[in-house]
1. Can you tell me which residue in the range 40-64 is modelled with the lowest pLDDT, limited to those that are assigned to a helix (DSSP H, G or I) and surrounded by fewer than 17 Cβ atoms within 10 Å (Cβ to Cβ)?
2. Please go through the range 89-104 and pick out each residue that is closer than 15 Å to residue 126 by Cα and either at pLDDT below 85 or part of a loop (DSSP other than H, G, I, E, B) (or both).
3. Could you please give the count of residues in the range 91-140 that are surrounded by fewer than 11 Cβ atoms within 10 Å (Cβ to Cβ) and either touching a residue at least 24 places away in the same chain (Cβ under 8 Å) or closer than 19 Å to residue 49 by Cα (or both)?
4. Are any residues in the range 66-79 at pLDDT below 75 and outside any loop (DSSP other than H, G, I, E, B), and if so, which ones?
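The values are calculated or read from the model by the stated rules, or taken from the named source; none is laboratory data. Bear in mind the structure is a predicted one, so any value in this text is a computation, not a measurement. Here the Cβ positions follow ideal geometry from the backbone for every residue, glycine too, while neighbour counts run over all protein chains shown.
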């Protein structure tokens, strides 16, 4: 009788450990904590998605404001856009004028056993009258 209780308790503890891994422990709460999606991760995912989007036929310039609005949080100012892209290793950020932020993203791709460098430039312009950020993608 006593061993049956301990066996049931042991099985319950094992199942609890398998079914509830996101809780962590008192000693190390981050050990099994669920991942937190950061703004920087969202920015990297957005750049990956934009790089996969083909530009319109023959176009060097494309308005991507709607896409950026879906990917990044609403009411996003230029400082928030800048902080989102600061930790992306392939992005270089510049501020050529007041209310303008330029992100240059350079990626290397393998295509038919050759490395191609794909450079895209994103120009974010803050429009205070509409309280939104306008985004344009330039393909080089």
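1. Filtering the range 40-64 for residues assigned to a helix (DSSP H, G or I) gives 40-52.
Keeping just the survivors that are surrounded by fewer than 17 Cβ atoms within 10 Å (Cβ to Cβ) gives 40-42, 45, 48-49, 51-52.
Numbers: 40: 61, 41: 67, 42: 70, 45: 74, 48: 72, 49: 73, 51: 66, 52: 68.
Looking at residues that are assigned to a helix (DSSP H, G or I) and surrounded by fewer than 17 Cβ atoms within 10 Å (Cβ to Cβ), I get 40.
2. Of all residues in the range 89-104, those closer than 15 Å to residue 126 by Cα come to 94-103.
Result: 95, 96, 97, 98, 99.
3. So the answer is 9.
4. Residues of the range 66-79 that are at pLDDT below 75, as a first pass: 66-77.
Result: 66, 67, 68, 69, 70, 71.
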